[in-house]
1. Looking at the range 418-526, which trypsin sites (Lys or Arg not before Pro) are DSSP coil and have at most 11 other C-beta atoms within 10 Å of their C-beta?
2. Using only Cα atoms, find the angle between the long axis of helix 406-423 and the longest principal axis of the chain, and express it within 0 to 90 degrees, rounded to the nearest 10.
3. Sorted from largest down, give the three principal axis spans of the alpha carbons of the range 237-306, whole angstrom values.
4. Just in the range 85-134: which GluC sites (Glu not before Pro) are loop by DSSP and have at most 15 other Cβ atoms within 10 Å?
5. Is the range 605-738 best put as rounded, prolate or oblate by its Cα gyration tensor, with a ≥ b ≥ c the root eigenvalues, rounded for a/c under 1.5, and otherwise prolate when a/b is larger than b/c, oblate when not?
6. In degrees, nearest 10, range 0 to 90: what is the angle between the Cα axis of helix 310-321 and the longest Cα principal axis of the chain?
7. Could you please report the charge total around Ser624, scoring K, R as +1 and D, E as -1 over all other residues with beta-carbon less than 11 angstrom from its beta-carbon?
8. What is the Cα radius of gyration of the range 98-239 over 2.2 N^0.38 Å, N being its residue count?
Amino acid sequence: MKTLLEKKLFPFVIKPGRYTGGEPGQITKDPSGRINYLHAYPDKYELGQSYPGLQTIYHIINQDDRFLCERVFAVDRDAEEIMRREKIPLFSLESWRPATAFDAIGFTLVDESVYTNLLTMLDLAGIPLRSELRDDRHPLVMAGGPAAYNPEPLADFIDLFFIGDAEEGLPEMLEILYRLKGKSRLEKLEALGRGISSVYIPAFYDSEHRPLKDFAPPKIKARVVRQLKPEYYPKQPLVPLIETVHNHLGVEIMRGCPQSCRFCMAGPIYRPVRLRPQNEITDQIEQQIDNTGYEEVCLMSLSSSDYPHIETLAANLARRLEQRKVSIALPSLRPGSISPTLLEAVKKVRNYGLTIAPEAGTERLRLFIRKNFPDEAIYDTARMAFQKGWTTIKLYFIVGLPTETDEDLLGIVNLCRNIHQIGQDYPARKTINVSISPFIPKPFTPFQWDEAINDQEAYRRILFIKKRLNINQIHIKHEDTKLSKLLSVLSRGGRQIGAALETAYKHGCRFDHWSEDFEYETWVEALKENNINIDDALKAIPFSAVLPWDHIEKGVSTEHLQEERRKTSVQLKEYTPRAQTGNEKPLEPDNNNRLAFGRGKKKVPSRNVAAPTKNRFRIHWGKSSRYRYMSHLDNLRLLERAIRRAHLPVAYSQGFNPTMKLSFGPPLPLGFTSEAEYVDITLETTFMPYMLDNLQKTLPAGVDIYNARAVLDKAPSLSAALNRVEYSIPVEEWASIETLESEMAVLNKSEKLEIDRVTKNESRRMDIRSAVYNLKVDGSMLIMTLGLGDGGYARPNEVVEFLKNGLKSAGAALPFHRRAMYRLEGDRKIDPMDL
């Protein structure tokens, strides 16, 4: 399997680092004698590895020596195509073993957009899509997570759903499987159904959710963990080697939300509210920062500013982390719950944007959805942020909420314009980023029965807002209205949705939440083919109707939700607008048809790449094959985190976003190993030898430091110090050494070596002959000496194109190794470490 992946898959996919594993914090065990559990996230690695629940599950399962937990993510389309062609099955990141080698596979269902990805993963694994077609040769297929609270759309494909908090329930299930290792699927499922609460096994129920087994409960009650114990959280989290959606340390401070917004599904499914003690949070953060090297920690919950001790916690953390240049971040904040003390703590190191979620544009509609705060609370929060130096504020809104009118849309316009106007009273250019999402009725909310507006009406409302906010500093983006329409159908769908999911998958639907992959028309045809009318599915549902998730019990009763929905209508009739205070600036509808689509050009903070020479030292380092698929930026991030873990007194740039003063040598191409990498690091103090030892200890095995020396003031920069580079390739990659030498002879006689060099924007015909200085066979290796900098520039894979006769594999799969970089002046060879 290893050779197959390294020769046929990794070199040919866009981002091989998604599939190779090897991250700091990864746990490997001997699979023999253990229950082998594969935790699956049905989306791309960049998103899945950012999901905090994955870290918790991975840690809890691997703590028990009877169990082994490995990971797998949905593979992108390019990898899927290659895997099908080369007959490569779905495999885990840790051991690269096929998914079918595991006893159980557990999928995390964050939302409905991942359903087709799940089917793709099952098919790539060689597991029958429908549970009824599986036998004792196949792993048990389990699922949990927020979308599992309505399990029916996936009921035909999942053997077992676990509903609720998994910290205790999942180990209990694996313990039963451990005892029954070698038994039949049916015996295992029956034991799980009898022994574990909160388990839903669709095969034990009919299509009306009536139990077919005497031990199957008529109602499946969601599991609730009463206390968030410190042992749930790993001391050494997994640290991605490539860039992910959230490049920070996420730490849970509270589970559940006290606000009970009527449109929000997360509120009811994560109740009750459970707080973590400040000292446990602080201890976890300090330990995890020591073990990960992240530059930012995010205090996570559904409503972090409602954590009772958030000011004290943030201020205490800011004091402790400031010297290490580790900043604090918060997710979206509720207006009226933010104080100057909290903002002061958050901005201590870095000043990122502030996110506020008004959701609705008028006080009337906010009262209706139970986000009961006045406009002044929003303005006061914005004013406070601008006073504290923030230049960017992000606002979240929903369109299509029940009872929404154009007046509510104008309220969104008013809020955005007034916040922009407030920003003009403070120095520096202010940016208002507005995010708009169409309303999706969700299970377990008072609005689960309400109508969802269609995509055309949702788009009309978004355009209504956009054309009235044609202001340079206000940037608007919105969710795809067609995707929101589809998710409204799926979120309230029953078991009949399963056939449409399978059809959509077979017709090529994948990664529906990624705009470049979403195929709406294919979904429409799949639903139509299975007799599902989208427009009918969007309509309001009568209170008397049986809902597909009625057999799942979480929190309050259906009767209570119905009463809550009736209460909102009464509130609406009794609502009296609050007297105006003078801060509001109401607008009249205008006829300005100019539309401001999209966002402004993204501002990228400048990085200090030429470090000052004071207290500068140079490191000579390299990396093995396990890390060959890290990009140059990934290498930079890895070293920054290692420096932070080693507590080196590194110097930082000034400004709102301080960065380490590092200067790297020429980037190493993706897929190459190396023993000739260099980086200059500027310190606040004099370089001492023990610093090097501390740094090496923090680097993962396979990333090695060979040497380090202080850089004198007059020493040239790395870019100026190099003009030659040597690469090696094993001769055994060719059918015979005679074939290789024949090819080399032809190349050496050539006056021109013309290639087509492809960049992001163009393809250029170039002659690289002047940058190819020497080719020779030295023992078992072909050695190439090529140009760098003022020595010209040629890539080794470009040179191999002239030596491809007799190659056993494609050039991209060759194990290129950078063995040396230096400067050649006449006959004098100057090593970068000769300082």
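Please treat every number below as a calculation from the coordinates, not as lab data. Here the structure is a predicted model, which means the values were calculated and not measured. A quick note on method: Cβ atoms are made from the backbone with ideal geometry, for glycine too, and the neighbour counts reach across all protein chains shown.
1. Arg429
2. So the helix axis and the longest Cα principal axis differ by about 50 degrees.
3. 39, 29, 17
4. Glu86
5. Numbers: a/c = 1.93, a/b = 1.76, b/c = 1.10.
It is prolate, given that a/c is not under 1.5 and a/b is the larger ratio.
6. That helix lies at roughly 10 degrees to the long axis.
7. Numbers: positive: Lys623, Arg626, Arg628; negative: Glu675, Asp704.
Around Ser624, the charge tally is +1.
8. Values: Rg = 15.1 Å, N = 142, 2.2 N^0.38 = 14.5 Å.
Compactness ratio reported: 1.04.
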